[in-house]
Amino acid sequence: MNDQPAGFVNRPVPKDIHLREAIDQLRKEKKAVILAHYYQTGDIQDIADFVGDSLALAQWASKTDADIIVLCGVHFMGETAKILCPDKKVLVPDLNAGCSLADSCPAPAFAEFVKNHPDHTVISYVNTTAAVKAVTDVVVTSTNAKQIVDSFPKETKIIFGPDRNLGNYINSITGREMLLWDGACHVHEKFSLEKILELKKQYPDAEIITHPECKQPIIEVSDFVGSTAALIKHTSQSDKKQFIVATESGVIHDMRKKNPDKEFIPAPPNDSTCACNECEFMRLNTMEKLYNCLRYELPEIYVDRKVQEKAIKPIRRMLEISEQLGL
Ligand code: SF4
């Protein structure tokens, strides 16, 4: 089980230390690697050994020779690293960093769904628990979902879970009729079409760029739809100088670093007047928690060995197909 010692998460750090230097020192002493998702705060992205999207983090975890992996992201990302590296210590600064999308797909219900469709190939988005991956044939991320779906013959019957928006989007661009699990990410679902269109009036030259976890009406008004990595790459390659960004606003940190001459406008959610859309789970990780996590080597991710042995197969399959496709 994954235990977070009571009170550990808010343990204070010594007042006299320089956090960045202390984290750096601990990382070297313990032969640890810090992997951070693009949705982490800028200070965590800046100190990480590697910043990436879900595919890149899995690829990096599968190759590292570090003794300890500190995954600055959410729980399922730590689990993915642990599944790939069962003999390494995998830490996540705050185990409360969950994911509404992974939670929308409870393993027993998904396993029953799969059992009821025995002639279907099961494709699961990486945003799932280890137990869901254990009943999956191949895992995908938003970076490789289309290509992996395309790698199956047209007549293959496919279950795609858990994100209905990504599934609908992949169906629309591949002409498939995959059977979709009815899950969603609360962050990507709450962008407001009206507010995005108002922003477009204010910034008529801006491109609307969108993650495929967003709802279809947002996708339809977008100039570019892509994974986190694809969105970042697009902003560097596009001639445009302004972008309305419909995804978690943490990615803007990297977009700005790579394109200091361009303007990035976070698309607003529908339930707030603020111009940001942050995943509260991702933002649970802080520099203080990262320091304590390295210092005490807690909280640690555990995955049941039998589940791990099953779940590693669809992840490896994803990594192999991605390598063949040059992703
Ligand atoms: S942004 Fe959505 S999909 Fe990503 S970790 Fe947060 S809740 Fe999960």
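The values are calculated or read from the model by the stated rules, or taken from the named source; none is laboratory data. None of these values were measured; they are calculated from a predicted model. Here the Cβ positions follow ideal geometry from the backbone for every residue, glycine too, while neighbour counts run over all protein chains shown.
What are the residue pairs meeting all of these: first residue in the stretch 86-100, first residue of a type in the set (Asp, Glu), second residue modelled with pLDDT under 95 and not in a loop (DSSP other than H, G, I, E, B), Cβ atoms under 7 Å, and 6 or more apart or on different chains?
Pairs that qualify, where the first residue is of a type in the set (Asp, Glu) and the partner is modelled with pLDDT under 95 and not in a loop (DSSP other than H, G, I, E, B), are 94/9.
Assess whether residue 160 counts as being over 13 Å from residue 311 (Cα atoms), within 16 Å of the ligand (Cβ to nearest atom) and without any contact (Cβ under 8 Å) to a residue 40 or more places away in the chain.
yes
Would you confirm whether or not the stretch 180-191 contains a residue that is away from the ligand (no atom under 16 Å from the Cβ) and touching a residue at least 24 places away in the same chain (Cβ under 8 Å)?
No, that holds for no residue.
For the stretch 60-96, how many residues are buried (at least 24 other Cβ atoms within 10 Å of the Cβ) and small (Gly, Ala, Ser)?
4
Could you list all residues from the stretch 101-113 that are near the ligand (Cβ under 9 Å from one of its atoms) and free of Cβ contacts under 8 Å to residues at least 12 places away in the same chain?
If the condition is that a residue be near the ligand (Cβ under 9 Å from one of its atoms) and free of Cβ contacts under 8 Å to residues at least 12 places away in the same chain, then 103 is the only one that fits.
Scan the stretch 191-210 for residues that are surrounded by fewer than 16 Cβ atoms within 10 Å (Cβ to Cβ) and closer than 16 Å to residue 270 by Cβ and jot them down.
Hits for the stretch 191-210 are 194, 197, 198.
Checking residue 213 against (1) surrounded by 23 or more Cβ atoms within 10 Å (Cβ to Cβ); (2) under 17 Å from the mean Cα position of the chain (by Cα); (3) assigned to a helix (DSSP H, G or I), only one condition comes out false. Which one?
If we test residue 213 against (1) surrounded by 23 or more Cβ atoms within 10 Å (Cβ to Cβ); (2) under 17 Å from the mean Cα position of the chain (by Cα); (3) assigned to a helix (DSSP H, G or I), just (3) comes out false.
Mind checking which residues of the stretch 116-148 are in a loop (DSSP other than H, G, I, E, B) and either closer than 20 Å to residue 97 by Cβ or within 16 Å of the ligand (Cβ to nearest atom) (or both)? Step through it out loud before you land on a result.
Within the stretch 116-148, the subset in a loop (DSSP other than H, G, I, E, B) is 116-120, 126-129, 134-137, 141-144.
Of everything in the stretch 116-148, those that are in a loop (DSSP other than H, G, I, E, B) and either closer than 20 Å to residue 97 by Cβ or within 16 Å of the ligand (Cβ to nearest atom) (or both) turn out to be 126, 127, 128, 129, 141, 142, 143.
Kindly list the number of the only condition in (1) touching a helix residue (DSSP H, G or I) at 6+ places or on another chain (Cβ under 9 Å); (2) at pLDDT below 95 that fails for residue 271.
Failed condition: (1).
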